[in-house]
Each structure stands twice: as structure tokens, then as C-alpha cells.
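Participant: First, the structure itself, so that you have it in front of you.
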Amino acid sequence: MNQNPLREHTRVMGFGSYRPDIIVTNEDVCQWIDSSDEWIRQRTGIVTRHRAAEDVSVIDMAEGAARDALAAAGIDGSQLDAVILSTVTHPYPTPSGASLLAERLGATPAPAFDISAACAGYCYGVAQADSLVRSGTSEYVLVVGAEKLSDIIDNSERTISFLLGDGAGAVVIGPSDSPGIGPSIWGSDGSKWDAISMTGSSLQLRDHAPEGKAAGRIATANVEDDVAAESLWPTLRQDGQTVFRWAVWEMAKVAQQALDAAGVKPEELSAFVPHQANMRIIDELAKKLKIPDSVVIARDIADAGNTSAASIPLATHRLLQENPELSGGLSLQIGFGAGLVFGAQVIALP
Amino acid sequence: MASNEEIQAGLAEIVNEETGLAPEAVELDKSFTDDLDIDSISMMTIVVNAEEKFGVRIPDEEVKNLKTVGDAVTYISNAQEG
């Protein structure tokens with residue numbers, strides 16, 4: 001029996017982005033919740049977030065980012081050996097978004113699958129792509145983080161909805177002559193399963209929606225049931241304090257482990273790209289990790305909000321566009337979110 | 001084991017680092033939110049740093065009970081003894 005010959009090294013070959021057109025300002029948000037531009041900026045660092053129009057799907061955004069990344073990597077969709085889509089907002093439990101994405105990109109019959117790891121989804125995807133390429137199973141793997149979070153929020157609640165934006169970011173990962181992706185430090189903590197979660201499962205919509213409204217996004221009238229009408233369509237909530245504390249305290253340790261595993265010191269980094277959850281988390285992580293001033297820190301959250309699985313590739317791509325000299329340097333990336341789940345690795349920037 | 005004065009001084013240092021407030025302003029009877037104008041996110045950062053500095057655990061549900069600097073000093077002092 002044969003087994004695949006192993007490859008020694010892998011690298012990220014190119015980044016791609018898709019940012020939807022609609023800009024939601026803090027003034028817009030303040031029409032829905034009692035807040036102010038100043039309050040939102042001070043606590044989150046967010047100034048605007050992008051949201052996709054009703055007729056733009058998660059797969060449309062994923063395709064845009066993927067085509068961009070393929071062009072940057074200099075390969076054709078037909079050369080892909082695997083397509084990984086990280087998302088929590090593809091609105092079908094099955095079939096996967098990835099198989100449709102692969103078809104659109106001309107990658108059929110490449111294996112294609114979705115992964116559900118929320119804001120860590122992109123780093124989970126990179127961990128898998130790295131392993132697939134090094135094991136010899138695949139040569140070129142596409143990893144896309146794409147989210148249309150605007151479909152699963154309730155603008156009138158104030159724990160998380162105002163933070164979130166839509167978008168997609170992508171990378172192509174392939175073989176390399178030198179080390180390009182450090183060891184992945186990834187994991188989960190299901191003891192905090194409900195720290196970031198939905199208001200209910202989709203079954204409640206089936207079981208409790210009034211006649212004729214089951215297909216509606218929010219059923220509003222005459223629900224003679226114990227389920228509040230507005231909660232029929234499941235939307236996101238978070239326990240902000242628990243999440244903030246976990247993100248700052250535990251994630252600083254995970255990021256440090258990723259540095260140690262790669263044998264890289266903070267001062268050897270060119271960029272630090274944490275998940276864009278909250279500017280205060282970004283600042284606190286940078287402080288705890290003692291990231292020196294010479295390292296560029298991604299702060300895409302100010303314009304893009306929190307785009308879950310898309311945030312790290314979107315932010316990294318922007319850094320590369322605005323600072324082309326970062327190319328060839330090392331970037332520490334760490335994703336963390338609902339699950340709770342986390343993933344981190346050091347990569348060489350393409 | 002730190003004395004109450006040392007805990008207060010250590011807290012003042014953490015608060016200063018997070019907010020820029022002068023350490024002398026961090027007095028025992030001062031309320032974190034009303035007097036020192038510390039928001040919920042800064043409060044969590046202060047709690048995380050205090051846990052690290054004093055080697056104690058302050059559960060999420062306890063944080064809301066720490067209204068004044070004195071409350072925090074007492075809690076940390078008791079937690080160190082326990």
C-alpha cells in the first residue's frame with residue numbers, strides 16, 4: 001500500500017477580499033439602540049461597518065474574495081485541490097456553501113466543505129489547509145471566511161448586533177520551499193458554549209411561527225405561545241463581560257503559544273492581526289504580548305466592524321495593500337469566538 | 001500576601017495604567033463607575049490585571065459587587081487569605 005509523500009513546508013500564496021457596499025454608521029445604529037457615536041467609538045473603536053444588500057449572498061461574497069485571492073496567488077480555480085468555507089451564516093444546513101463556491105470557481109470536483117468555528121473559522125481553515133498540503137493530500141487549498149451576519153442580528157438589541165458587519169476574506173495555501181505557516185494552536189472551551197450564542201434553534205421557527213409567517217424573518221403578530229414573537233427568528237447574543245475577559249486573558253496565552261511554537265519573538269513580527277472583535281481587545285492583547293511599536297497592528301475594525309470568520313483575512317489583505325513592504329514579513333494571527341473556539345498561527349505574508 | 005495598603009497601591013497602579021487617572025485619586029471610598037468614571041470594559045481589564053497581579057480569581061458574577069475601590073481591596077484581601 002502507498003501513502004502520500006509528505007511536504008516539508010507550506011505558505012499563504014495570496015489574500016483576497018470582498019467588502020459589501022452598504023455602510024452603516026454609528027448614527028444609523030443609534031436609531032435602533034439608545035447610544036451615541038462617542039459611546040460606541042470609545043467602547044469598541046468601531047466607526048462604520050459594511051453590510052450586504054438583500055440580494056448578495058454569503059456565497060457571492062465568498063466568490064468575490066476567492067477570485068481576488070486566486071489572482072493574487074497566480075493560480076486558476078481549476079488547480080484547487082480543496083475548498084474550505086468558514087462561515088456561520090450560510091443559510092442551509094446542507095448542501096454546503098463550499099461545494100457551490102467550488103463550482104462557481106471552476107474547482108469541481110475538488111473536495112469542498114464548510115467549517116463552523118465562528119470568529120476562529122479562518123484560523124481553523126488555515127490549520128486544516130496547512131495539514132492537507134503538508135500531508136500530500138492536496139496541493140492548493142482555498143480557505144474563505146465569509147459572513148452575512150446582518151441576517152442573524154436584531155438591530156434593537158445591544159449586546160452584539162451593533163458590532164457586526166458583513167464581508168469575506170480568502171487565502172490560497174500551497175507548497176513552499178521554506179517555512180511559511182507556523183504550528184497552529186487551536187482549541188475549544190464548550191463550558192462557555194452559551195457565552196456567544198443564538199436566541200434559539202431554527203426548530204422554534206418551525207414549531208412556533210404563526211401560520212403563513214414561517215418563512216418570514218421576524219414574525220411580529222399574534223403569537224399565542226410562550227415564545228416571544230421577536231425571538232422566533234434566532235439572532236445572536238453575547239455575554240460581553242465574559243467574552244471580553246476570556247479574549248484578553250486566555251487569548252493572550254494562546255497567541256504567546258503560537259509565537260513560541262513558531263520560534264518567533266514579538267520583535268521579529270511585521271504584523272499582528274488579531275480577530276477584529278473590539279479595538280479594546282486588540283489594544284489589550286498587544287499590550288499583554290508586548291508587541292513593539294515596529295509591528296503594524298491591524299485595526300480594520302474601525303471601518304469594517306466585526307465580520308467574524310472574515311475579519312483576519314480582510315484585515316491582513318488591507319495591511320498588505322496599504323503597506324506593501326510588509327510582504328515577506330511574519331504576521332501573528334489569532335481568531336476566537338463563539339463555541340468558544342480559538343486558533344492562532346504565525347504566517348509569512350505573501 | 002499583600003497588606004490592604006499594598007493592594008490599594010497595586011490597584012491604583014492598574015487603574016492608572018488603564019485610564020491615566022492619578023494613583024492618588026484611587027481612594028477606598030471612590031466608586032469605580034460614579035467617581036472614577038471607569039466603564040464596563042475598563043473594569044474587566046482592571047479585574048483581569050488585578051487577578052494576575054494578586055494571584056486571585058474574581059468570578060464574573062462578583063465583579064458587579066465591587067462597586068468601590070474598598071470593595072475590591074477587601075475582596076482581593078479575603079481571596080488571598082482563602
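Participant: Given the criterion without any contact (Cβ under 8 Å) to a residue 60 or more places away in the chain and under 30 Å from B:Ile41 (Cα atoms), identify the matching residue among A:Ser150, A:Ser116.
Facilitator: On the way: A:Ser150 fails: without any contact (Cβ under 8 Å) to a residue 60 or more places away in the chain.
Just a single option satisfies the conditions, and that option is A:Ser116.
Conditions (1) assigned to a helix (DSSP H, G or I); (2) free of Cβ contacts under 8 Å to residues at least 24 places away in the same chain, marked per residue:
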| residue | (1), (2) |
| --- | --- |
| A:Gln241 | yes, yes |
| A:Val248 | yes, no |
| A:Lys253 | yes, yes |
| A:Leu259 | yes, no |
| A:Glu267 | yes, no |
| A:Val273 | no, no |
| A:Ala302 | yes, no |
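Participant: Are any residues in the range A:91-114 buried (at least 23 other Cβ atoms within 10 Å of the Cβ) and not small (Gly, Ala, Ser), and if so, which ones?
Facilitator: Result: A:Leu101, A:Asp114.
Participant: Report yes if some residue within the range A:78-92 is in contact with a His (Cβ under 6 Å, 6 or more places away or on another chain) and under 30 Å from A:Gln241 (Cβ atoms); otherwise report no. Spell out how you get there, then give the answer.
Facilitator: Filtering the range A:78-92 down to residues in contact with a His (Cβ under 6 Å, 6 or more places away or on another chain) leaves none.
No, there is no match, as no residue in the range A:78-92 is in contact with a His (Cβ under 6 Å, 6 or more places away or on another chain) and under 30 Å from A:Gln241 (Cβ atoms).
Participant: Here's a follow-up. Any idea how many residues of the range A:227-278 are among the aromatic types (Phe, Trp, Tyr) and either more than 14 Å from chain B (Cβ to nearest Cβ) or farther than 16 Å from A:Ile334 by Cβ (or both)?
Facilitator: Start the filter on the range A:227-278 by keeping residues that are among the aromatic types (Phe, Trp, Tyr), which leaves A:233, A:244, A:246, A:249, A:272.
Remaining after also requiring either more than 14 Å from chain B (Cβ to nearest Cβ) or farther than 16 Å from A:Ile334 by Cβ (or both): A:233, A:272.
Qualifying residue count for the region: 2.
Participant: Considering only the range A:127-157, state which residues are β-branched (Val, Ile, Thr), under 30 Å from A:Gly305 (Cβ atoms) and not in a loop (DSSP other than H, G, I, E, B). Explain how you work it out, then say what you get.
Facilitator: Of the range A:127-157, the ones β-branched (Val, Ile, Thr) are A:133, A:137, A:141, A:143-144, A:152-153.
Checking the rest, the ones that are also under 30 Å from A:Gly305 (Cβ atoms) come to A:141, A:143-144, A:152-153.
Those that are β-branched (Val, Ile, Thr), under 30 Å from A:Gly305 (Cβ atoms) and not in a loop (DSSP other than H, G, I, E, B): A:Val141, A:Val143, A:Val144, A:Ile152.
Participant: When A:Arg49 is evaluated against the numbered criteria (1) more than 30 Å from A:Gly182 (Cα to Cα); (2) over 23 Å from the mean Cα position of the chain (by Cα), which criterion, by number, is the only one it fails?
Facilitator: A:Arg49 satisfies all of (1) more than 30 Å from A:Gly182 (Cα to Cα); (2) over 23 Å from the mean Cα position of the chain (by Cα) except (2).
Participant: Ok, one more. With the condition being more than 12 Å from chain A (Cβ to nearest Cβ), touching a residue at least 12 places away in the same chain (Cβ under 8 Å) and of a type outside the set (Asp, Glu), I'd like the helices (runs of 4 or more DSSP H) fully within the range B:22-82 carrying at least 2 qualifying residues. Full working, then the answer.
Facilitator: Working: elements: B:40-54, B:60-63, B:69-81.
Answer list for the range B:22-82: B:40-54, B:69-81.
Participant: Search the range B:17-37 for residues being over 11 Å from the mean Cα position of the chain (by Cα) and not charged (D, E, K, R), and hand back the single one that is farthest from B:Asp71 (Cα to Cα).
Facilitator: Among them, the one singled out is B:Gly20.
Participant: A follow-up question, please. Of all residues in the range A:36-70, count the ones that are exposed (fewer than 15 other Cβ atoms within 10 Å of the Cβ) and either polar (S, T, N, Q) or not in a helix (DSSP H, G or I) (or both). Steps first, please.
Facilitator: Going residue by residue through the range A:36-70, those that are exposed (fewer than 15 other Cβ atoms within 10 Å of the Cβ) are A:36-39, A:41-42, A:53-55.
Now drop any that are not either polar (S, T, N, Q) or not in a helix (DSSP H, G or I) (or both), which leaves A:36, A:42, A:53-55.
Residues in the range A:36-70 being exposed (fewer than 15 other Cβ atoms within 10 Å of the Cβ) and either polar (S, T, N, Q) or not in a helix (DSSP H, G or I) (or both): 5 in total.
Participant: Also, I was wondering about something else. Please state which of the following conditions A:Lys290 fails to meet, knowing it meets all the rest: (1) of a type outside the set (A, V, I, L, M, F, W, C); (2) touching a helix residue (DSSP H, G or I) at 6+ places or on another chain (Cβ under 9 Å); (3) within 24 Å of A:Ala146 (Cα to Cα).
Facilitator: That leaves (3) as the condition not met.
Participant: Return the pair list, or none, for Cβ contacts closer than 6 Å from residues in the range A:93-109 that are under 12 Å from A:Ser78 (Cα atoms) to residues that are of a type in the set (Phe, Trp, Tyr) and in a loop (DSSP other than H, G, I, E, B), at least 6 apart or on different chains.
Facilitator: Pairs found: none.
Participant: Can you find, within the range A:1-23, the residue that is surrounded by the fewest Cβ atoms within 10 Å (Cβ to Cβ) among those that are in the same structural domain as A:Gly167 (by TED's automatic domain parsing) and free of Cβ contacts under 8 Å to residues at least 60 places away in the same chain?
Facilitator: A:Asp21
The values are calculated or read from the model by the stated rules, or taken from the named source; none is laboratory data. Small disclaimer: the values here were computed from a predicted structure and weren't measured. Don't worry about glycine lacking a Cβ; one is built from the backbone with ideal geometry, like all the others, and counts go over all protein chains shown.
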